[in-house]
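Every read-out reported here was derived from the displayed coordinates using simple, explicitly stated rules and does not represent laboratory data. All figures in this text were calculated on a predicted structure; none of them were measured in a lab. For neighbour counting, all protein chains shown are included, and Cβ atoms are generated from backbone atoms with ideal geometry for every residue, glycine included.
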Amino acid sequence: MTSVTVNINSIDKVKRFVSAITSFDNDFDLVCDRYVIDAKSIMGIFSLDLSKNLTLNIQKDDNLDAVLAAIDEFIVK
C-alpha cells in the first residue's frame, strides 16, 4: 500500500480526480480525520472536509507510476 497527500478542494478538481483514478483497477481510499471513503465515489468525496488535505491510500502497487502520474496535479508536494 502506498499513501500520498492530495488536495481536491473544488468541484472541478473532484470531477477530474475521480475521472483520473477510475481508469485504474486499483482500490483507492481517501482518509480525512477518522473518515475513510472509496476515492472513486464522488458522493463520498463530497462528504469529506475538502478544505483540508486528504490522504489517498492506494491499495495495490501495480502500475503505481502510472497512477501517480495521472493524479500528479492533486498531490501536495
### Message
Along the Cα→Cβ direction, 7 angstrom out, place labels at T22 and T5. What is the inter-label distance in nm?
### Response
2.9
### Summary
The size of the Cβ-based charge dipole (Lys, Arg +1; Asp, Glu -1) of the chain about the Cα centre, to the nearest 20 debye, is 280
## Note on the structure
Note to self, the chain gives a 222 nm [θ] from helices alone (DSSP H runs n ≥ 4, -39500 (n - 2.57) apiece, / all residues, nearest 500) of -8500 deg cm²/dmol
